[in-house]
Amino acid sequence: MQRREFVKSGISALATLAVGETILLSPQPASAATAALEPLSYKLNAGGNPRKARTDYRTAKVVKSVCLNCSTVCGIEGFVVDNKVVKIRGNPLDPNVASFMTCAKGQSGPTINSYPERLLFPLKRVGARGEGLWKRITWDEAYADMAKRIQKCIDDGHPERVAIHQGRSRYEAEFNRFLDAIGSPVLLNHRSICSSNKRAANYVSLGDTDWESIDAERCRYFLNFGSNFYEAHQGGLHFVRRVIKARFDHGAKLVTFDVRMSNTAGRSDEWFKPFPGTEGAIALAMGHVIMRENLHDRRFMADFVQPGEAKVREWLAPCTPAWAETLSGVPAADIERLAVEFAKAAPTAAAFTNRGTGAHYNGFNAERAVVMLNALVGSVGRVGGYCYGLEEKLTQQRYPQPLPLPPKPKVRTDLEDPPEWPLANRWQKMKVGQVVYDFLAEDRAKIEVYLSYTIVSPMTWPEGRSKTVDVLKSEKLIPFHACSDIIYSEMAHYADLILPDATYLERWGMDIRNNLELQHYVSLRQPMVQPPGEAVSFPEVLINIGKRLGPNQAKYFAYGDHEAFVREQCSKVPTKGPDGMEFKSGFDYMKHYGVYVDTSKPKAYEVYQRVLRPDQLEGSRVDEATGRIIKADASGKERSIGLMVRGEAKRGFATPSRKFEIYAPEVELIAGKLGIKDDGLPSFAQVPWHVGLADDRFILTTFKWNVHTQGRTASQKYLSEIVHDNPMWIHPDVARRLKVVNGDWVELTTYRPKSGALGDKAFRSSEQEKIVGSGRVRVFVTEGIHPRVVAVSNSLGWEFGGRASEGRKGKRSDALVASGHRETAKGMGPAPRFDDLESGVWWDKRAGGRGNGVNINAILPINPSPMVGMQSWYDTVCSIKKVEGKA
Ligand SMILES: Nc1nc2c(c(=O)[nH]1)N[C@H]1C(S)=C(S)[C@@H](COP(=O)(O)OP(=O)(O)OC[C@H]3O[C@@H](n4cnc5c(=O)[nH]c(N)nc54)[C@H](O)[C@@H]3O)O[C@H]1N2
Ligand SMILES: Nc1nc2c(c(=O)[nH]1)N[C@H]1C(S)=C(S)[C@@H](COP(=O)(O)OP(=O)(O)OC[C@H]3O[C@@H](n4cnc5c(=O)[nH]c(N)nc54)[C@H](O)[C@@H]3O)O[C@H]1N2
Ligand code: SF4
Ligand SMILES: [Mo]
């Protein structure tokens with residue numbers, strides 16, 4: 001007899017699973033599903049039909065918190081009725097939000113709380129890894145198992161074999177503390193598949209790695225290189241509101257470079273579609289025009305820019321608009337004109353980027369070239385100009401963690417600090433996440449305990465369904481994997497232990513983001529409602545594991561629970577509110593307002609001009625040749641702390657020269673050590689394998705939707721209802737050549753980077769063209785794309801995650817309905833009779849719908865950029881063939 005006959009089947013049965021019972025969870029058998037939780041605000045009317053229940057918002061409890069449906073982390077207010085979040089709106093006290101506004105994703109957040117397919121209990125794998133067979137266990141068993149394995153690594157002298165791999169976590173403080181306590185430095189993240197070229201470029205140029213905080217409301221000219229901030233971008237929602245205001249109030253101009261007509265491109269005054277990865281050349285050519293026309297800011301350059309004006313002029317001389325036109329296809333006359341307009345609008349002008357420019361093999365230098373434009377025209381840090389971050393993070397001085405603090409680990413590993421990409425970890429841990437699975441496969445590092453959190457690498461990583469899944473499946477390479485998730489994701493499927501998490505509306509945390517009002521602020525994430533079933537917030541899980549470790553580790557977790565941790569972090573927040581209200585503690589203040597804004601200091605304009613105080617200067621000396629002010633730090637190491645400018649001791653930039661470094665000696669040095677030719681300037685080289693691209697080859701790019709966030713929103717029904725399909729954008733010329741029309745199917749094949757005459761060293765490049773993979777996609781024919789580019793969005797094509805993300809409608813478990821079973825897991829209330837997913841997933845293929853799209857990451861190659869290691873997402877060469885007949 002098959003053992004499967006003994007097990008429950010399908011995520012639908014999860015809610016009624018008893019401790020010790022077994023369940024099979026994999027996408028195919030889980031055909032029918034049950035609603036374990038009551039969908040938001042639905043009641044049945046007399047006729048048995050669902051209708052919206054009337055909610056009296058005046059009587060709702062209002063809880064201030066922070067959204068995390070994307071990385072913008074907007075301050076929000078949740079309206080809570082009967083332990084349900086019935087409405088989200090913006091928290092006007094949050095200086096970035098400053099209104100009741102949220103985006104559609106923010107509105108949809110509460111649906112995930114009551115998603116019928118939420119994970120509710122700890123589950124332990126009982127079949128082969130990836131088979132989908134699980135047994136419900138207790139938290140005690142789960143904690144004991146994890147603590148035992150981690151303790152063994154510590155006792156064996158290999159604490160670094162414990163790794164946390166996080167996606168969008170916002171829990172660096174908690175996770176670092178946990179790993180410090182056990183002695184492991186291996187906190188892996190997704191920064192290299194996100195934005196590390198930008199951070200590295202800002203670090204090298206300005207000494208700051210955060211996103212720019214453009215003074216948008218006062219800005220008159222926005223020169224946008226590849227950001228889709230009307231839909232995405234870090235803090236896009238805050239930014240777009242201010243850009244719109246600037247456009248309405250004083251006619252600010254918006255120019256966008258994007259290979260695709262994004263919503264931002266479509267709403268710009270001018271849109272240009274360059275050949276992919278040539279933004280650096282365009283920016284350099286604009287620099288050339290600015291210098292040639294003497295439109296640069298002489299004084300700023302003389303005081304604060306390295307190298308000086310003469311060198312920059314000489315270096316930019318060959319970068320003519322005509323040169324940039326041959327590379328990018330953007331007319332020289334336009335480059336010329338835009339450069340002049342931009343410079344004339346300065347200092348109320350800002351040139352900025354996002355992943356359209358950064359996610360390339362040459363993205364690091366392209367990012368630098370764009371940021372440089374602000375330095376040439378002197379708009380850096382100026383009112384209405386290109387302003388940038390405040391260094392203050394969740395520091396111990398300001399947001400103290402409970403004492404004692406564990407010491408920093410002394411070991412390093414190739415996993416968290418790969419020597420091939422030295423700029424990856426220069427200032428902040430950026431890591432090179434997409435090579436982690438490769439390194440494990442190549443035995444470059446060992447892991448015993450892999451804890452994953454808010455990351456779904458089979459969906460969001462390059463080679464997600466090949467290399468990533470191969471390694472995740474291998475018990476030799478990853479002997480133990482515990483995954484914290486809220487749904488049965490593709491990541492959870494390959495774990496040994498599933499830890500049901502509380503959603504961002506059900507847990508604690510502190511958050512800081514760059515503030516477009518240029519003042520320091522911090523916000524509090526607090527539970528609006530209790531998590532369902534036995535879901536536990538992951539930071540809480542780590543504390544509970546920590547308490548079970550030996551005394552040398554457990555002492556760092558003796559302070560209590562995660563709430564106690566956060567309370568301590570708030571202990572230095574003032575107790576008097578902006579409206580005069582008095583609170584017993586900083587924690588109470590934060591719970592009330594949700595946010596604290598430090599208005600005691602002036603807005604952070606021109607921070608580099610700040611004059612150093614006598615106490616800062618004490619014990620310093622000036623290097624006569626460079627004007628740098630040098631002082632020994634606590635450890636005795638000499639550092640530049642400022643710059644002599646026109647006889648005054650100024651703060652300058654946080655770079656080694658204390659100037660804005662167009663020329664960065666550090667880059668030259670690092671490149672030299674790696675055998676890469678680099679003069680330390682943001683010079684342009686085309687993506688090597690794009691040079692002389694054959695006629696039948698295209699560049700495959702990807703993009704984000706306004707209503708989806710990577711791998712975290714497909715399970716939110718109302719968002720997937722809006723966007724659930726992702727046909728491939730192709731230009732009409734291409735459609736004509738391939739003889740396809742809108743909606744036809746094509747076969748798409750991708751290739752690894754080819755090593756060209758330039759002697760490039762791209763990851764796994766080879767002389768022969770090697771296929772990464774191929775798949776069938778539908779085409780969307782549109783003028784809104786560069787003729788040599790095809791584009792498929794990410795976020796879709798889930799095989800897991802429940803009915804909404806899988807695009808599968810279906811009834812609740814028949815057994816449950818038939819037996820009139822009304823009881824579900826503790827704290828979840830009765831099972832509702834109406835289930836929104838039953839018929840609501842109208843895009844189900846089986847019902848004639850379009851289905852849930854494709855996961856393009858399956859055929860995108862792992863491809864880290866030189867020095868920084870950022871994934872070159874938007875450089876993939878592909879070919880397309882028409883599929884004859886019915887696909
Ligand atoms: N709605 C929504 N908001 C989000 C997110 C989300 O998933 N959804 N994610 C958040 C995160 S983590 C991030 S990192 C940010 C990312 O925010 P963005 O960088 O603004 O968004 P992306 O879609 O990654 O890329 C931006 C644009 O690059 C274009 N592009 C592709 N190739 C090229 C090229 O070669 N040249 C040029 N010039 N453009 C090109 C794409 O068409 C796309 O419109 O958004 C954050 N906010
Ligand atoms: N092709 C392509 N791929 C991309 C991109 C692209 O532009 N194109 N963008 C890249 C970018 S910018 C980024 S930042 C990465 C992000 O990729 P990831 O680091 O993987 O991050 P997310 O997609 O946010 O993580 C989603 C996972 O977190 C789970 N999750 C959601 N909420 C919670 C929660 O409250 N608790 C827990 N424990 N889990 C939760 C979801 O169920 C899902 O399993 O994707 C990258 N992937
Ligand atoms: S922009 Fe992001 S953080 Fe802000 S409301 Fe929308 S989903 Fe939430
Ligand atoms: Mo990202």
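Judged by the ratio a/c of the largest to the smallest principal axis of the C-alpha gyration tensor, region 325-425 counts as oblate, that ratio being 1.5 or greater while a/b is no larger than b/c. Shape verdict for region 528-631, please, from the Cα gyration tensor: rounded (a/c under 1.5), prolate (a/b greater than b/c) or oblate. Oblate. Helix 665-674 against the longest principal axis of the chain: what's the angle in degrees, Cα atoms only, rounded to the nearest 10? Roughly 60 degrees between the two axes.
Converting phi to 3J(HN,Hα) with the Karplus coefficients 6.51, -1.76 and 1.60 and the offset θ = phi - 60°, region 92-102 yields x, 6, 5, x, 6, 6, 6, 6, 8, 6, 9 Hz in sequence order, with x at every glycine or proline.
First select every other residue whose beta carbon is under 11 angstrom from the beta carbon of Val371; then total the charges, Lys and Arg +1, Asp and Glu -1.
Here the count lands on -2.
Each residue of region 786-801 was assigned a 3J(HN,Hα) from its phi angle through the Karplus curve 6.51 cos²θ - 1.76 cosθ + 1.60 (θ = phi - 60°); the sequence is 4, x, 9, 10, 10, 9, 10, 6, 8, 6, 10, x, 5, 9, 10, x Hz, with glycine and proline shown as x. Each of the peptides 234-244, 282-292 was scored by the mean count of other Cβ atoms within 10 Å over its residues; in descending order, highest first, they stand as 282-292, 234-244.
Magnitude of the charge dipole for the chain, about its Cα centre and with charges confined to Cβ atoms of Lys, Arg (+1) and Asp, Glu (-1), is about 1300 debye. Taking amide hydrogens as placed 1.01 Å from N in the peptide plane, the amide H of Val622 sits under 5 Å from those of Ile630, each at least 5 positions away in sequence or on another chain. Simple rule: put +1 on each Lys or Arg Cβ and -1 on each Asp or Glu Cβ in the chain, find the dipole, and look at Asn113, Tyr230, Leu373; the Cα lying farthest toward the positive end is Asn113. Amide H contacts under 5 Å for Tyr663: Gln306, restricted to partners 5 or more places along the chain or on a different chain, H placed in the peptide plane at 1.01 Å from N. The amide H of Tyr386, built 1.01 Å from its N in the peptide plane, has Ala349, Val380, Gly381 as neighbours under 5 Å, considering only residues 5 or more places off or on other chains.
Compactness check for region 622-744: Cα Rg over 2.2 N^0.38 Å is 1.88.
For the chain, the relative contact order is 18 percent, taking Cα pairs closer than 8 Å that sit 6 or more residues apart in sequence and dividing their mean separation by the residue count. Calculate the length of the line joining the C-alpha centroid of region 541-571 to that of region 90-114, in whole Å. Between the Cα centres of region 541-571 and region 90-114 lies a distance of 30 Å.
With contributions of -39500 (n - 2.57) from each DSSP H run of at least four residues, the per-residue ellipticity at 222 nm computed over the chain stands at -7000 deg cm²/dmol. Between helix 236-250 and the chain there is an angle of about 50 degrees, using the helix long axis and the longest principal axis of the Cα atoms. Between 0 and 90 degrees, the angle of helix 139-155 with respect to the longest Cα principal axis of the chain falls at about 50 degrees. Label-to-label distance for Trp842 and Glu420 is 4.9 nm, based on points extended 7 Å past Cα in the beta-carbon direction.
One way to sum up the overall shape of the chain is the equivalent ellipsoid from its Cα gyration tensor, whose semi-axes run 43, 33, 28 Å, largest first. Considering only Thr575, Met528, Phe480, the residue lying farthest towards the positive end of the dipole of region 479-590 is Thr575, judged by Cα position with unit charges set on Cβ. Summary of the geometry: region 389-425 and region 454-523, compared by the centres of their Cα atoms, lie 20 Å apart. Over 27 Å between Cα atoms: which of Lys198/Lys273; Lys152/Lys673; Lys105/Lys591; Lys152/Lys476 fall into that group? In this structure, Lys152/Lys673 exceed 27 Å between Cα atoms. Shape of region 689-747 from the C-alpha gyration tensor: oblate (a/c of 1.5 or more and a/b not above b/c, with a ≥ b ≥ c the square roots of its eigenvalues).
Sorting 200-212, 549-561, 313-325 by average packing, meaning the other beta carbons within 10 Å per residue, from highest down gives 200-212, 313-325, 549-561. By the count of other C-beta atoms within 10 Å, a proxy for reagent exposure, Phe248, Phe222 are ordered fewest to most as Phe248, Phe222. The peptide list 525-534, 762-771, put in order of mean Cβ contacts within 10 Å with the highest first, becomes 525-534, 762-771. Give the percent of DSSP beta bridges with both residues in the chain that are antiparallel, rounded to the nearest 5. Among the beta bridges of the chain, antiparallel pairing accounts for roughly 60 percent. Taken one residue at a time, the phi angles of region 615-629 give Karplus couplings (6.51, -1.76, 1.60, θ = phi - 60°) of 5, 6, 7, 4, x, 9, 9, 10, 7, 4, 4, 10, x, 5, 9 Hz. Gly and Pro are set to x.
No value in this document is a laboratory result; all are computed from the given coordinates. Quantities reported herein were computed from a predicted structural model and do not represent experimental measurements. No Cβ is skipped: glycine too gets one built from the backbone with ideal geometry, and neighbour counts run over all protein chains shown.
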